[in-house]
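This report concerns only the one structure given below.
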Amino acid sequence: MIDRTVKMGSNVKIGEYVIIERNAVIGDNVTIGHHVVIKEDSRIGNNVTINDHSVLGQTPVANKKMARKPPKYLSSLVIGDDVKIGSQCVIYRGTTIMDGVLIGDLAAIREKVTIGNNSIVGRNVMVENNTQIGQYATIQTSSYVTAYMVIEDYVFIGPCLSTSNDKYIGTRNGELKGPILRKGAKIGNNASILPGIIIGEKATVGAGAVVTKDVKPNEVVVGNPARPIHR
Amino acid sequence: MIDRTVKMGSNVKIGEYVIIERNAVIGDNVTIGHHVVIKEDSRIGNNVTINDHSVLGQTPVANKKMARKPPKYLSSLVIGDDVKIGSQCVIYRGTTIMDGVLIGDLAAIREKVTIGNNSIVGRNVMVENNTQIGQYATIQTSSYVTAYMVIEDYVFIGPCLSTSNDKYIGTRNGELKGPILRKGAKIGNNASILPGIIIGEKATVGAGAVVTKDVKPNEVVVGNPARPIHR
Amino acid sequence: MIDRTVKMGSNVKIGEYVIIERNAVIGDNVTIGHHVVIKEDSRIGNNVTINDHSVLGQTPVANKKMARKPPKYLSSLVIGDDVKIGSQCVIYRGTTIMDGVLIGDLAAIREKVTIGNNSIVGRNVMVENNTQIGQYATIQTSSYVTAYMVIEDYVFIGPCLSTSNDKYIGTRNGELKGPILRKGAKIGNNASILPGIIIGEKATVGAGAVVTKDVKPNEVVVGNPARPIHR
């Protein structure tokens, strides 16, 4: 079901049972898998591949308990050229995904996120709202990227990273502050990074480390709590 | 494909390629996204929103290796009023979700689970069978809630919690006992809580803590293994 | 939409909005849920159940940043007899799943993986490429199995395992080496196992342990870093 207001590029391949809602714009040479849903206003670049069952352009919701309601107005979802999106993904309105990005199966990306050129968001990765991801960054499978987090260029995140942004754990006295991972930082698998922590340029966080203090540039930290090691 | 035995409320919006199986009951003012599957006997309240591709009312399965087979008879899935369900969720028969609950995208909830009013089950959260969750509880993204666990009212669980219920790790000598999180307990991101552990009222578990002993009410524990800190 | 080249067994039940692409082979007594996609060349055995929205036989992709491109030629996906596959799964071409395996909802399994008879791959488990899993193994919910990993027969993995295979964390100087879990090893929930680590026969890794050194047969390790305990 393709709405008659959709602007369709040339040489677009569309699978079975696809829905493209009103005012969506689809570039040239795009491949859209089976059962894909492209919500209203979404803008898809050229040479993009979207695998089966993915949902693009979703609108956030809230319930009574949520202290922070999602914004009422959000710009369109914008997907650049040469982006590849896996199966069963959910990507929200108000987000921009730049050229050459790869997004794995079963990943979800919330509203107001920016992902820079040629970065990789792995399978089953969850990216929360208002997060900035640079270019040539890698976020491996099943990692969790909290809201208001910054991941700079060339950062490499192993599988199963856990992050948080609320030092009062839901008691709402404070501002949400996600961690900041500076350029070229490397994070081992299943590390935990606490709210507002800064990981310096080219620093390394070991697998399973629980990072409770800032890490200096080029420093290597391991353990729970994480402490520097001297090499 | 809507079965002719379905009882449909008034003012129901239904997306494309939706399936509603026999004997399902849909309340008033319900919004059903594209490609949603509502299995037989499911009962959906009023003002419920179900996003694209979610599957409601699934029946559990087993293979030869599973020691504990799922029950042969399960009551219907019951969803209360004002519930919001994300995209790509899977929710089983025999479970009750009360009014005002929010369930994030890509979450799965097994059979015989109860979730109280206005609680939040985050994106990609997995809730196993026979678990009780109170009201106004929050379970953040990518957390894992094991079977036979109890989460009381106002508990707040950060992202990536891991829990378990089998102290013999699959050797089957013992009963499954999930952790019990008492009223108002707060759990930091990526904590691990062992089988049968009780986290007392308003206690706090730090990020990345591995909790091997009960935690007293109001106590704060951190580390691996988790130990109390004095503030 | 079932391609006319598909070889269909007898007594096959097919849900609504299903796609079966060319040259797929479906055995006898197979049950295919709603919105399932079976990609070209996939071979499904007898008595197999596939739940709603799953995608079988997907082809891997890459972007510019990925150092290791997926192989250009991959054999068919082969699924044995009596296999049960949950909802919202993604399983790739070039993988073999043997008889009696159970795969939970929202699981993803990459190319060139073998899973032995009667093993269990839990809900939301991610299995990367080129991994060998033996028979009667259990991998519980939300665990992460890295590429080039070996899981032998009767291994039991609790929920939320994290593994990795790249000791240089993305800097590409070395070969990828996944951990090896020997026969009957038991892994507690949320453990982290580093690249190339060998967990000996019937050894036990405690919940939340960070395993940085090989573990001897029958040994029990806990902590961060993991150390043996004497019982």
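All of the numbers you see were taken from the coordinates with simple rules; none came from a lab. Because the structure is predicted, anything quoted here is derived from the model rather than measured. Cβ atoms come from the backbone with ideal geometry, glycine included; neighbour counts cover every protein chain shown.
Could you give each residue of the stretch B:206-223 its phi-based ³J(HN,Hα) in whole Hz, using Karplus coefficients 6.51, -1.76, 1.60 with θ = phi - 60°, and x for Gly or Pro?
3J(HN,Hα) across the stretch B:206-223, in whole Hz: x, 4, x, 5, 10, 8, 10, 9, 4, 10, 6, x, 6, 6, 10, 10, 9, x.
Pop a pseudo-label 7 angstrom from the Cα along the beta-carbon direction at both B:T59 and C:H230 and give the gap in nm to one decimal.
5.6 nm
From the phi of every residue in the stretch C:187-200, what ³J(HN,Hα) in whole Hz does the Karplus formula 6.51 cos²θ - 1.76 cosθ + 1.60 yield, where θ is phi - 60° and glycine or proline is x?
Along the stretch C:187-200, the couplings run 10, x, 5, 6, 6, 10, 10, 7, x, x, 5, 10, 9, x Hz.
Let me know the charge dipole size of the protein assembly as shown about its Cα centre in debye, to the nearest 20, where only the beta-carbon of Lys, Arg (+1) and Asp, Glu (-1) is charged.
Values: 81 positive and 60 negative charges, 355 e Å.
Once rounded to the nearest 20, the dipole reads 1700 debye.
Starting from the 7 Å offset along Cα-to-Cβ, what nm value, one decimal, do you get for the label separation of B:T31 and A:N23?
If labels sit at B:T31 and A:N23, their model points lie 1.5 nm apart.
Search the structure for amide H atoms under 5 Å from the amide H of B:I197, placed 1.01 Å from N in the peptide plane, and list their residues when 5 or more places away or on another chain.
Result for B:I197 returns B:I180.
Based on the Cβ-Cβ distance from A:E175 to C:K7, what FRET efficiency comes out when R0 is 56 Å, to the nearest 0.05?
After rounding, the FRET efficiency stands at 0.40.
Along the Cα→Cβ direction, 7 angstrom out, place labels at C:A67 and A:E201. What is the inter-label distance in nm?
Result: 2.2 nm between the two label points.
Below 8 Å, C-alpha to C-alpha, sequence gap of six or more: please give me the relative contact order for chain B in percent.
9 percent
Find, to one decimal place in angstroms, the Kirkwood hydrodynamic radius of the protein assembly as shown, where the mean of 1/r is taken over every pair of different Cα atoms and then inverted.
With all distinct Cα pairs of the protein assembly as shown included, I get 24.7 Å.
Determine ³J(HN,Hα), in whole Hz, for all residues of the stretch C:127-140 in sequence, where each value follows from phi through the Karplus function 6.51 cos²θ - 1.76 cosθ + 1.60 and θ = phi - 60°; x replaces Gly and Pro.
10, 7, 5, 6, 9, 10, 10, x, 9, 6, 8, 10, 10, 7
With a Cα-only, solvent-free Debye model of the stretch C:22-168, what are the log10 I(q)/I(0) values at q = 0.11, 0.13 Å⁻¹?
-0.37, -0.52
How far is A:Y73 from the same spot in each other copy, in nm, shortest first, if each label point sits 7 Å from Cα toward Cβ?
5.7, 5.7
Show the residues, 5+ positions off or on another chain, whose built amide H is closer than 5 Å to the amide H of C:T31.
C:K13, C:V48, C:T49, C:I50
So which of C:K39/C:K177; A:K112/C:K72; A:K216/C:K65; B:K69/C:K216; C:K112/C:K183 end up more than 25 Å apart, counting from Cα to Cα?
On the way: C:K39/C:K177 30 Å; A:K112/C:K72 36 Å; A:K216/C:K65 27 Å; B:K69/C:K216 34 Å; C:K112/C:K183 21 Å.
Exceeds cut-off: C:K39/C:K177; A:K112/C:K72; A:K216/C:K65; B:K69/C:K216.
Report, in debye and to the nearest 20, how large the dipole of chain B comes out about its Cα centre when Lys and Arg carry +1 and Asp and Glu carry -1 on their Cβ.
Dipole of chain B, to the nearest 20 debye: 840 debye.
Given C:L74, C:I32, C:T138, which one lies farthest toward the positive end of the charge dipole of chain C, if we put +1 on the Cβ of every Lys and Arg and -1 on the Cβ of every Asp and Glu?
C:L74
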